[in-house]
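All remarks here apply to the structure that follows.
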Amino acid sequence: MAAKTEKYLIKFKGGVKAPSTESFDFSKEELTIGREDNCDIRFDPEQDLMVSRNHGKIIRKPDDSIVITDNNSRNGIFVNNRRIEGSAYLKPGDTVKLGNNGPSFEFDLDPRPPGALLPTQVISVPPATRVVETGRTSPVSPLPASGFKKWLAIPLLLLLGGGYTLWQGFTQKNTVAGMTGDGDLGVQIFPLHAMMPAAYKVYANPGALDGRYYFSKIVLDNKGAGQLQNVKVEYAVPGYINWVQAAEIRHILPKGSSVVTIYPQFPQKVTEKTTESTERMQIRITYQTGGKSEKYEKTYPFQMLSRNDFLYTNIALNEIRGMQDMEDNNDLAPVFITPQDPIVKYYTQQVQEKVLGGETASVGRDINEAVRFIKGVYEAARRSGMVYSGTSGVQADLGDIHSTQQRVRLPREVITGNTGLCIEMAFLYASVFAAEGLEPFVFFVPGHAYPGVRFNGQFLAIESTAVNGAGIGGVSSAEEAFEKGMKNLEKFFENYQQGTPGYSIIDINALVKSGVQQMELTDDAFLRVKVDEIARRMAVGGPMIPQQKPTVKDGQAL
């Protein structure tokens, strides 16, 4: 007689709790997952920041099957590396990950029930929306056979498989046909309360950063006794997007649900927006139930910021659990780094000609050539009289979001205005580095940001604000600015490796590959004239003379 299952086992594989194991009595019908104190499977509120406060739950159904449900968490639930929508079956040996880069655990039972399979593919839990597959293969295991018996086994397997398929189709049809009454649509909308036009390409891309920057998530529940059929979800943003169909669902069974995620295609003209405004998102859901056509409509407001606004987080205030949550939008920083901007390209060309004597720092050359280019970008800013202007962002309340909101000049605006904040200068330098073919990074520390590159595996940085300005106290030479940058870098990695809050690194190229695409900007003849004026000041003093001795050794400025 098989032993009765007594415990759930949660074997932590990633995160603060790894490699420990926790057990729970199998009599519990539900295990909650999250960072809240009252969660059963509780994660560290300060360090496991990919986990929401109430991320999801594991439920034991009356037939002792196990499902895992996502509570509309921001970063999602992955079972065996596949993201689930709503709920999915869970079997012993399955790996659960909270967020694509979040902590993970292996789910198990003690003792395991007989015949337990592992691991499994993610299968949506009925009665959630599903399509009946008429070509399913039989789950019957092959019969052991050899010689003549093997040939006899083949028609037997085909007969069993065909019979199973017919039975599945018959059962499904009778389940649907046996329903009586009307369906009752319940709608929950989880909107983005504020959008940054500079990130319009990210909001449109479900593959960007694993789809975490969705514009709106809609949960559809059928609370009635009958099914909902031909459910169609559409949306529009007046003045920007005409009606677009987001999803069409064949049917939602009673007590079932479906999740629709919206990634709107805003036009490029949003990058021309220089003021903040309140816009409207319109949702329209049409469906049929009980032979009748029904409609649900909802309009909700959201803030469309200007193209220069950087909002540090979109996480609701009651979900904030640390510095990382407060800077959740740091991964969107590359949208303000614009190496393809014609004005940035023209400026980079002038730096090469007027300051570096036409030489470049192509990837693959000696590291000291890269150092010379970094110093040349600083020297160009110093000669042209660029000034650091120190201002801080303002606190903004946008729906349930309380965040720092900072007006960020684009790199072309920093060039032609000849002034910038530390973050603006960092974005300008990163843009020029990328335009030159280097691998740019931006380093964030509490209250400050500065640019750098990774060259043949080694990090380099420069203090871009050393050109003088508020609180600086004098203009530094390119050598001094580079030395400060390298000292900053040493201190940065000491804190970053210790997990000190407020220290983060932005890998521009990696984020761009993950779908964080930059905004597109058009050429401007007037701005080119401004760059020409700046270039004449750059040329004073002639090209920088290459140093004969190395300037970097073992990661240290010499």
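The values are calculated or read from the model by the stated rules, or taken from the named source; none is laboratory data. Everything quoted here is computed from the prediction, not taken from an experiment. Don't worry about glycine lacking a Cβ; one is built from the backbone with ideal geometry, like all the others, and counts go over all protein chains shown. Each accessible area value is taken on the protein alone, full model and side chains, heavy atoms only, with ligands, DNA and RNA left out. Shrake-Rupley method; radii C 1.70, N 1.55, O 1.52, S 1.80 Å.
Go through (1) in a strand (DSSP E or B); (2) modelled with pLDDT of 95 or more; (3) farther than 19 Å from residue 212 by Cβ for residue 281 and report which single condition fails.
(3)
Within the stretch 301-319, can one find any residue that is modelled with pLDDT under 95, more than 30 Å from residue 445 (Cβ to Cβ) and surrounded by fewer than 18 Cβ atoms within 10 Å (Cβ to Cβ)?
Scanning the stretch 301-319 turns up at least one residue that is modelled with pLDDT under 95, more than 30 Å from residue 445 (Cβ to Cβ) and surrounded by fewer than 18 Cβ atoms within 10 Å (Cβ to Cβ).
Looking only at residues in the stretch 181-216 that are over 16 Å from residue 301 (Cβ atoms) and among the β-branched types (Val, Ile, Thr), which one is surrounded by the fewest Cβ atoms within 10 Å (Cβ to Cβ)?
Going residue by residue through the stretch 181-216, those that are over 16 Å from residue 301 (Cβ atoms) are 181-188, 196-214.
Cutting the leftovers down to among the β-branched types (Val, Ile, Thr) gives us 187, 202.
Values: 187: 13, 202: 24.
Filtering first and then ranking leaves 187.
Being crowded, with 22+ Cβ neighbours inside 10 Å and out of contact with any Asp or Glu (no Cβ under 6 Å at 6 or more places or on another chain): is that true of residue 51 here?
Values: crowded, with 22+ Cβ neighbours inside 10 Å: yes; out of contact with any Asp or Glu (no Cβ under 6 Å at 6 or more places or on another chain): yes.
Here the answer is yes, as residue 51 does meet what is asked.
Quick check on my filter: what residues within the stretch 502-518 are over 30 Å from residue 368 (Cβ atoms) and either modelled with pLDDT of 85 or more or open to solvent by 40 Å² or more (accessible area, probe 1.4 Å) (or both)? Walk me through it before giving the result.
Here is the first cut: in the stretch 502-518, the residues over 30 Å from residue 368 (Cβ atoms) are 502, 514-517.
Within the stretch 502-518, 514, 515, 516, 517 meet the criteria.
Checking the conditions here, which among 459, 443 is assigned to a strand (DSSP E or B), open to solvent by 30 Å² or more (accessible area, probe 1.4 Å), farther than 21 Å from residue 351 by Cβ and modelled with pLDDT of 90 or more? Let's see the steps before the verdict.
Values: 443 fails: open to solvent by 30 Å² or more (accessible area, probe 1.4 Å).
Result of the check over 459, 443: 459.
Look through 30, 46 and report the one residue that is open to solvent by 30 Å² or more (accessible area, probe 1.4 Å) and more than 22 Å from the chain's Cα centre (by Cα). Working first, answer last.
Numbers: 46 fails: more than 22 Å from the chain's Cα centre (by Cα).
Matching residue, one of 30, 46: 30.
Considering 342, 334, which residue is crowded, with 17+ Cβ neighbours inside 10 Å and modelled with pLDDT of 80 or more? Give the steps one after another, and end with the answer.
On the way: 342 fails: crowded, with 17+ Cβ neighbours inside 10 Å.
Among 342, 334, only 334 is crowded, with 17+ Cβ neighbours inside 10 Å and modelled with pLDDT of 80 or more.
For the stretch 520-545, which residues satisfy the criterion of being open to solvent by 50 Å² or more (accessible area, probe 1.4 Å) and part of a loop (DSSP other than H, G, I, E, B)?
Once the filter is applied, which keeps residues that are open to solvent by 50 Å² or more (accessible area, probe 1.4 Å) and part of a loop (DSSP other than H, G, I, E, B), the stretch 520-545 yields 520, 522, 523, 524, 540, 541, 543, 545.
Being among the charged types (D, E, K, R), modelled with pLDDT of 90 or more and farther than 17 Å from residue 435 by Cα is the filter here; which residues of the stretch 355-398 pass it? First the steps, then the outcome.
At the first step, the residues of the stretch 355-398 found to be among the charged types (D, E, K, R) are 359, 365-366, 369, 372, 375, 379, 382-383, 397.
When the remaining residues are screened for being modelled with pLDDT of 90 or more, the result is 372, 375, 379, 382-383.
Within the stretch 355-398, 379, 382, 383 meet the criteria.
If I ask for residues that are at pLDDT below 85, surrounded by 21 or more Cβ atoms within 10 Å (Cβ to Cβ) and acidic (Asp, Glu), which ones from the stretch 65-102 would you list?
none
Kindly indicate whether residue 298 is within 24 Å of the chain's Cα centre (by Cα), modelled with pLDDT of 90 or more, basic (Lys, Arg) and open to solvent by 40 Å² or more (accessible area, probe 1.4 Å). Break it down stepwise before answering.
Numbers: within 24 Å of the chain's Cα centre (by Cα): no; modelled with pLDDT of 90 or more: yes; basic (Lys, Arg): yes; open to solvent by 40 Å² or more (accessible area, probe 1.4 Å): yes.
No; evaluated as a whole, the condition is false for this residue.
List pairs: first residue in the stretch 39-61 and over 19 Å from residue 100 (Cβ atoms) and among the β-branched types (Val, Ile, Thr), second residue open to solvent by 40 Å² or more (accessible area, probe 1.4 Å) and in a loop (DSSP other than H, G, I, E, B) anywhere in the structure, Cβ distance under 7 angstrom, at least six positions apart or on different chains.
59/29
Sort out which residues of the stretch 258-278 are outside any loop (DSSP other than H, G, I, E, B) and open to solvent by less than 40 Å² (accessible area, probe 1.4 Å), and write them in order of number.
Once the filter is applied, which keeps residues that are outside any loop (DSSP other than H, G, I, E, B) and open to solvent by less than 40 Å² (accessible area, probe 1.4 Å), the stretch 258-278 yields 258, 259, 260, 261, 262, 270, 271, 277.
Hey, does the stretch 491-498 have a residue that's touching a helix residue (DSSP H, G or I) at 6+ places or on another chain (Cβ under 9 Å), of a type in the set (Lys, Arg) and more than 30 Å from residue 208 (Cβ to Cβ)?
Step one: list which residues in the stretch 491-498 are touching a helix residue (DSSP H, G or I) at 6+ places or on another chain (Cβ under 9 Å), which gives none.
No, the stretch 491-498 contains no residue that is touching a helix residue (DSSP H, G or I) at 6+ places or on another chain (Cβ under 9 Å), of a type in the set (Lys, Arg) and more than 30 Å from residue 208 (Cβ to Cβ).
Pairs only if they're at least six apart or on different chains, beta carbon under 8 angstrom, first in the stretch 66-86 and among the charged types (D, E, K, R), second in a strand (DSSP E or B); list them, first residue then second.
So the pair list comes out as 70/56; 70/77; 70/87; 83/77; 85/70; 85/124; 85/258; 85/259.
Hey, can you tell me all the residues within the stretch 217-257 that are hydroxyl-bearing (Ser, Thr, Tyr), open to solvent by less than 30 Å² (accessible area, probe 1.4 Å) and not in a strand (DSSP E or B)?
Here is the first cut: in the stretch 217-257, the residues hydroxyl-bearing (Ser, Thr, Tyr) are 235, 240, 257.
Among the residues that remain, those that are also open to solvent by less than 30 Å² (accessible area, probe 1.4 Å) are: 235.
Correct list: empty.
Identify all residues within the stretch 472-519 that are assigned to a helix (DSSP H, G or I) and acidic (Asp, Glu); write none if there are none.
Once the filter is applied, which keeps residues that are assigned to a helix (DSSP H, G or I) and acidic (Asp, Glu), the stretch 472-519 yields 479, 480, 483, 490, 494.
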